[in-house]
1. Calculate the radius of gyration of the Cα atoms of region 25-67 to one decimal place, then report Dmax, the largest Cα-Cα distance, as a whole number, both in Å.
2. Which of 20, 129, 180, 98 comes first, and how do the rest follow, when ranked by fewest Cβ neighbours within 10 Å?
3. Using 17 Å as the cut-off for backbone N distance, which residues of region 146-171 belong to the label zone defined by a point 7 Å from the Cα of residue 109 along Cα→Cβ?
4. Mind sorting out which of (1) 23.5, 73; (2) 16.6, 47; (3) 18.7, 59 is the real Rg and Dmax of the Cα atoms in Å computed from the coordinates?
5. Could you work out the relative contact order of region 55-151? I mean the mean sequence separation of Cα pairs under 8 Å and 6+ apart, divided by the number of residues, in percent.
6. Largest first and in whole Å, give the semi-axes of region 113-212's equivalent ellipsoid, each being the square root of 5 times a Cα gyration tensor eigenvalue.
7. Could you tell me the calculated FRET efficiency between residue 42 and residue 170, based on Cβ-Cβ distance and R0 = 35 angstrom, to the nearest 0.05?
8. Measuring from centroid to centroid over Cα atoms, what is the spacing of region 1-27 and region 70-91 in Å?
């Protein structure tokens, strides 16, 4: 499988002002030699069309795929907010928009499902696939939640950005192979602990993240080398 670096892994560096988004892209291509990137909305200095076009062009020139646009508030937003996020993913040339569902305490499942249905209708018009992360505390945190999402969401534009390691230990991650378009793992953890092996024939991207946002070039480079067995 191909490796992508999630900008969220470097969140602390972004927040300190130690790295810009353009510098992140350059490091991913030249120092990390990864195949793609997942760009978190938190790290965009601005989101106008000119800037998004600049990012897309730079990634192309560097040989990087913009795998996904990440917006953790997406499935809690109203229709206008969701449409704006999908528009940004489209401008970036990202085939995926990835986000967790809302926290289970935020509103009811029926209210979340209504937002999901609105989101998939909007995604279809832009040909953007929504990749749902199974984040803790959300409606899709468990294997049961992921199954319910896929069944009741029932859209070709709704898939999973699965982090197998966060599913309950009694689950079978391999049962989600057909509904997964992006794999996710905490690169700070040893590979043997993340259950990604169940996806050994997966042809998409594995997004390498640091759950606490503490990555630097050295630690991420080591994680990538480990994944590639070099």
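Every read-out reported here was derived from the displayed coordinates using simple, explicitly stated rules and does not represent laboratory data. Not measured: the values here are computed from a predicted model. So basically every Cβ, Gly included, is an ideal-geometry build from the backbone, and we count neighbours across all protein chains shown.
1. My reading of the Cα-based Rg and Dmax gives 10.2, 28 Å.
2. Values: 20 13, 129 23, 180 20, 98 28.
Lowest count first: 20, 180, 129, 98.
3. 146-155, 168, by backbone N distance to the label point.
4. Recomputing Rg and Dmax of the Cα atoms in Å here picks out (2).
5. Values: 135 pairs, mean separation 27.5, N = 97.
So the answer I get is 28 percent.
6. Values: eigenvalues 108, 41, 32 Å².
For region 113-212, the ellipsoid semi-axes come out as 23, 14, 13 Å.
7. Efficiency at R0 = 35 Å is approximately 0.55.
8. The two parts, judged by their Cα centres, are 21 Å apart.
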